[in-house]
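A short worksheet on the structure shown next.
The values are calculated or read from the model by the stated rules, or taken from the named source; none is laboratory data. Bear in mind that the values here come from a model prediction, so they are computed numbers and not experimental data. Cβ atoms come from the backbone with ideal geometry, glycine included; neighbour counts cover every protein chain shown. Note: accessible area is taken over every heavy atom of the protein model, side chains too, but ligands, DNA and RNA are not part of it. Shrake-Rupley method; radii C 1.70, N 1.55, O 1.52, S 1.80 Å.
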Amino acid sequence: MGWRETIPLRNPQHRVERRAIVWWGLRALLVAVVVTGGLGVGYAATPSARAWLGPVLLVVAVLGVAQLLVMPGWRYVVHRWEAGDEAVFVATGWIVRYWRVAPVSRIQTVDTRRGPLEQLLGLATVAITTASARGTVYIVGLDERVARQAAERLGEITQATPGDAT
Amino acid sequence: MSTPPEEPWRRLDRRMILVSFALIMLSASPLAIATWGFGVRLSPLGAAPAIAATSLGVLSGLRDTLTWIKTRYRITDECVERRTGLLVRKYRRIPRDRIRSFDVAAKLRHRAAGLRVVTIGAGQQSAAGDALKLDALSRKVSEQLREELLRGGQLASEGPEPARTDETVIATLRWSWLFYNIVNGWAFLVAAVVLWVVYWFAGTFGVDLFAVAVAQFDSASAGVMGSLLIAVPVVFGFGVAIMALLFVTEYWGFRLTRAPGPHGTILRTAKGLTKMHQVDREDRRLRGAQISEPLLWRWAGMADTDVIATGLKVLSADSGTTILPRGPIRVARRVVAAVLDRDPSPLTEPLRRHPVAAGWRRLWWAVMLSAVFGGCLWWISTLVEWMPPWWPLLALGALLVAAGGALVSYRSLGHTLVDGYLVVRAGLTSRTTAALQTQAVVGWTFRQSIFQRRLGLVTLTATTAAGTGAYLARDLDAAAAIALADRAVPGLLSPYVARPAPAAPKPTTRHADTSVGVPALVGGAPHRLWAVSDLHVGTAENRRICDELRPTTDGDWLIVAGDVGELVSDIEWALGTLRSRFRRVLWTPGNHELWTLPCDPVQLRGEARYLALVEICRSVGVDTPEDPYPVFDGAGGPVTVAPLFLLYDYTLLPPGASTKEAALTSAYRSGALCIDEVVLHPDPYPSRAAWCEQRLAATAERLSGRAEPHLPTVLVNHFPLAGQATDQLPDPTSALWCGTTRTADWPLRFHASRVVSGQLRVPRIPVFAAATRPDGPLWLPGVQPQGGEAPARLQDVLAAADQYRLSSWKNLGTATARPDSTARW
């Protein structure tokens, strides 16, 4: 059975890089290690708290492993993007999916960001801000070159499109 | 008036020094009085609060003095500039065209000295301290500054007080609202803080107030519960009294007014007894308004009123967005109507309910959260001994409260699209209805969790620069969410809307007539204009048929020529379903839509019912006779498609009848009276004929003034436009309810290439090619779903097949006539 259509929107054109799976995996691993590690230290250090810390630790560890196994691949299937002359259209998420549309005429800034893990993998994030404090659109898991080109192209289109930035 | 080349820098008002000195003296007085007046020997700990207060006052006074010494400001033609700072020189400049707010405030000490603190804001929401504050200027200078900056005038050296006559008062405070603003949970906190401060200050003077209170109160006789029963109301009452005091000082002389400004009008609130405060908001920055009804106050009909505007901070304590203290909701609505200059205001429009699945989702969450809560209780009960044995009752109680919350939350959901405003309503603890201008929408977000996906729901978020930045329509039907967003900002979403998928891959066996039948999916074909009528989705069979209608291309249009159903909920379902599949759906009402049946929860009659249906259509993205006539430019186009609603006026007489009255009497006697006479109310018109008269006049005017008069038209009316179409009716009497003779010349008059109608009790949708075809009228057959006898057929309106002429329609029409149907339709 195919991926059941959930909303009558088509998929954006481009997938993100396959390397993004590794990036999501590493991030999930880091979070899981920090949280379970912290709890584990607590468990080892305080015998009196073990009665209730044990089950909590177990649940957190199981959830962490499950996320590590499921999330990166799932995200790769879902994440897509496309930047046309009229608008930017991005699909993200995994358990909760998001489809975002931002018209080019309302875009204020376009910039690329690279965290340490992203630099390691040659990935970049494009952040597209609009006048809305809650309207920023992120495209994650792009090849750094693609991200730079996309940002430049969007910048050009934004310049050429008469906008009303409020 | 000529401006000097270099605008001189100016100082703040020198009375500030006097005020600062007074402040220092005043703040030292409690300590002084305690020491010398009462001869209290101060212990370092006991005197701490008094010393802190004194030092605070002294420091504040010193700071004000230094500010006065170091601050210079000037206003040039381009900007407002200020230099200040003791160790680090600060320079702040705001271009005049970026000034978005001009606040004037005055604390008691300022008022006593006739001073005002002026805050000039550039309106960024993010950067803290972006405003330029001048603390303080004389009242006269502050007024002049306001005049200059907000009206673009020149700063006058001397002048009379500005006249206030050009202000329009929108609202003033009624003291009866006091109660709603002071009786709430905050009273306890306020009382606690005040009592604590008093207790400590008394401690400075060596008085233990707690001991005094306990001594006055015989706790032994009252017991613990009794003490609480007395103490809690007393503390609450005390808190309420303080809240009342605070409210009165804050809202004294409250006025909401509209006044002229430099860029159009401004919305101004002025209030305050000891601390006068005035906020100006430019109307051109208004993007909407919202009314919040907190859970318990909602049942008392009380609400809070805010504007949605760009450049106003939302989360600050002294928010400029609140334009009215908590008061009756009808006042709030009236004020919003005045503020948005739109009556009735978008916030009073009837809202569309959200799918029942949204309720199930909330209930599911309520059950899950209660289950987790119960599980935690059970777990704790296995670990500790102090859990009471009746803890399962706690879990049960939690479930009941959560389920009630789910119901309240579901019932508060609603949305609509009206006249350029997106209106959304949601909220459990505070039901908030927000109206946002669609032109202020800067993007869309659709959110769908896996649970929402199972239920076919989507949460639509409109992001905007104004207000909180995002306004949510929670848990819409997935297709309705797309339609809503598409209609609110036309064109933005259309490249991304999925092509409707075929219901099931069917073998390509085509119907005998190639122009009819459920159309097969044709890729890349030009868009087509389809028509269907008399769907009558009241029966399950017809509902299924309606649900199976599919376009051939993703750009196809569909005309629904009336008689979709009788119940408002049925009509909404059918049109919403069709709209989710066709690029554009155009609807005109039949007589069935206008029936007010006793079983319909919507009991609107006549014109009110019609207008309510129009609003429903708009909310699901369907065009109505009240909307601008669109131009179809697919296959056979371009043509202007005009859905019309004209009704009937009994001028189409059955054969043998000479007057309308005689024909009606005869119909009544023979028992062939149409059920319209009982359930189709003409309100507010005296009769259906009068309503028809009004519709004819209004519609003819709109058709004459259509946007592209050179294009041919497709006229769509449920009731046939041309009289001869009724000649073939199985029951001739029913012609009376089939239209009017006055539209006979309309196809010619309005350059119609096709006329689409329904209504005739024949299994056809007549498509009448008129005016442009010299070889006479042309009819196309179509089969209407009638009690599940035949599958629904879409009629391709513009691809007219020549073989169907009036004569062939006549044969088909008589062949399937139903003798028992006259009384039903």
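Within the stretch A:127-139, count every residue that is open to solvent by 30 Å² or more (accessible area, probe 1.4 Å) and in contact (Cβ under 8 Å) with a residue 40 or more places away in the chain.
1
For residue B:429, indicate whether it is farther than 22 Å from residue B:337 by Cβ, surrounded by fewer than 24 Cβ atoms within 10 Å (Cβ to Cβ) and within 10 Å of chain A (Cβ to nearest Cβ).
It is false that residue B:429 is farther than 22 Å from residue B:337 by Cβ, surrounded by fewer than 24 Cβ atoms within 10 Å (Cβ to Cβ) and within 10 Å of chain A (Cβ to nearest Cβ).
Can you name the helices (runs of 4 or more DSSP H) wholly within the stretch B:151-243 that have at least 3 residues being at pLDDT 80 or above and under 44 Å from the mean Cα position of the chain (by Cα)?
B:178-182, B:186-204
Return yes or no: is residue B:2 within 53 Å of the chain's Cα centre (by Cα), small (Gly, Ala, Ser) and either at pLDDT 85 or above or surrounded by 13 or more Cβ atoms within 10 Å (Cβ to Cβ) (or both)?
Judged against the criteria, residue B:2 is not a match.
Count, please, the residues in the stretch B:463-487 that happen to be closer than 23 Å to residue A:129 by Cα, at pLDDT 90 or above and more than 9 Å from chain A (Cβ to nearest Cβ).
3
Consider the stretch B:341-365. How many of its residues are farther than 30 Å from residue B:450 by Cα and open to solvent by 20 Å² or more (accessible area, probe 1.4 Å)?
Qualifying residue count for the region: 7.
Evaluate the stretch B:512-526: report whether one residue or more is among the β-branched types (Val, Ile, Thr), within 24 Å of residue B:643 (Cβ to Cβ) and modelled with pLDDT of 55 or more.
Looking only at the stretch B:512-526, we keep the residues that are among the β-branched types (Val, Ile, Thr), and these are B:514, B:516, B:518, B:522.
With within 24 Å of residue B:643 (Cβ to Cβ) added as a condition, the list becomes B:516, B:518.
Applying the additional criterion that residues be modelled with pLDDT of 55 or more yields none.
No.
Taking residue B:459, is it surrounded by fewer than 24 Cβ atoms within 10 Å (Cβ to Cβ), within 10 Å of chain A (Cβ to nearest Cβ), in contact with a Lys or Arg (Cβ under 6 Å, 6 or more places away or on another chain) and of a type outside the set (Gly, Ala, Ser)?
Details: surrounded by fewer than 24 Cβ atoms within 10 Å (Cβ to Cβ): yes; within 10 Å of chain A (Cβ to nearest Cβ): yes; in contact with a Lys or Arg (Cβ under 6 Å, 6 or more places away or on another chain): yes; of a type outside the set (Gly, Ala, Ser): yes.
So residue B:459 fits the description; yes.
Taking residue B:650, is it within 16 Å of residue B:589 (Cα to Cα), buried (at least 20 other Cβ atoms within 10 Å of the Cβ) and of a type in the set (Phe, Trp, Tyr)? Outline the logic, then answer.
On the way: within 16 Å of residue B:589 (Cα to Cα): no; buried (at least 20 other Cβ atoms within 10 Å of the Cβ): yes; of a type in the set (Phe, Trp, Tyr): yes.
So residue B:650 fails the test.
What's the total number of residues in the stretch A:125-135 that are facing another protein chain (nearest Cβ under 7 Å) and aliphatic (A, V, I, L, M)?
The qualifying residues number 2.
Could we say that residue B:453 is within 11 Å of chain A (Cβ to nearest Cβ), without any contact (Cβ under 8 Å) to a residue 40 or more places away in the chain and out of contact with any strand residue (DSSP E or B) (no Cβ under 7 Å at 6 or more places or on another chain) here?
Judged against the criteria, residue B:453 is a match.
Any residue that is in contact with a Lys or Arg (Cβ under 7 Å, 6 or more places away or on another chain), over 26 Å from residue B:686 (Cα atoms), of a type in the set (S, T, N, Q) and open to solvent by less than 10 Å² (accessible area, probe 1.4 Å) - is there at least one of those in the stretch B:537-552?
Taking every residue of the stretch B:537-552 in turn, at least one turns out to be in contact with a Lys or Arg (Cβ under 7 Å, 6 or more places away or on another chain), over 26 Å from residue B:686 (Cα atoms), of a type in the set (S, T, N, Q) and open to solvent by less than 10 Å² (accessible area, probe 1.4 Å).
Step by step: first the residues of the stretch A:140-149, then only those that are more than 17 Å from the chain's Cα centre (by Cα) and either within 18 Å of residue A:88 (Cα to Cα) or in contact (Cβ under 8 Å) with a residue 40 or more places away in the chain (or both), then the one that is nearest to the other protein chains (Cβ to nearest Cβ). Which residue is that?
Filtering the stretch A:140-149 for residues that are more than 17 Å from the chain's Cα centre (by Cα) and either within 18 Å of residue A:88 (Cα to Cα) or in contact (Cβ under 8 Å) with a residue 40 or more places away in the chain (or both), the one nearest to the other protein chains (Cβ to nearest Cβ) comes out as A:149.
For the list (1) more than 8 Å from chain A (Cβ to nearest Cβ); (2) in contact (Cβ under 8 Å) with a residue 40 or more places away in the chain; (3) over 21 Å from residue B:580 (Cβ atoms); (4) open to solvent by 30 Å² or more (accessible area, probe 1.4 Å), I need the number of the one condition that residue B:435 fails.
In the conditions (1) more than 8 Å from chain A (Cβ to nearest Cβ); (2) in contact (Cβ under 8 Å) with a residue 40 or more places away in the chain; (3) over 21 Å from residue B:580 (Cβ atoms); (4) open to solvent by 30 Å² or more (accessible area, probe 1.4 Å), residue B:435 misses (4) alone.
When you scan the stretch B:683-703, do you find a residue that is at pLDDT below 85, hydroxyl-bearing (Ser, Thr, Tyr) and assigned to a helix (DSSP H, G or I), even just one?
No, the stretch B:683-703 contains no residue that is at pLDDT below 85, hydroxyl-bearing (Ser, Thr, Tyr) and assigned to a helix (DSSP H, G or I).
Going residue by residue through the stretch B:390-408, is there one that turns out to be open to solvent by 40 Å² or more (accessible area, probe 1.4 Å), within 22 Å of residue B:352 (Cα to Cα) and more than 14 Å from chain A (Cβ to nearest Cβ)?
The answer is yes; a qualifying residue exists.
Give the residues of the stretch A:85-100 that are under 12 Å from residue B:496 (Cα atoms), out of contact with any Pro (no Cβ under 7 Å at 6 or more places or on another chain) and more than 7 Å from chain B (Cβ to nearest Cβ), sorted by residue number. Steps first, answer last, please.
Step one: filter the stretch A:85-100 for residues under 12 Å from residue B:496 (Cα atoms), giving A:86-91, A:99-100.
Within this subset, residues satisfying the condition of being out of contact with any Pro (no Cβ under 7 Å at 6 or more places or on another chain) are A:88, A:99-100.
Hit for the stretch A:85-100 is A:88, nothing else.
Cβ-Cβ under 6 Å, sequence separation 6+ or interchain: first residue in the stretch A:84-104 and among the charged types (D, E, K, R), partner outside any strand (DSSP E or B) and modelled with pLDDT of 95 or more. Which pairs?
Between residues of the stretch A:84-104 that are among the charged types (D, E, K, R) and residues that are outside any strand (DSSP E or B) and modelled with pLDDT of 95 or more, there is no close pair.
Tell me, yes or no, whether the stretch A:108-124 has at least one residue that is away from every other protein chain (no Cβ under 14 Å), touching a strand residue (DSSP E or B) at 6+ places or on another chain (Cβ under 7 Å), part of a helix (DSSP H, G or I) and without any contact (Cβ under 8 Å) to a residue 60 or more places away in the chain.
no
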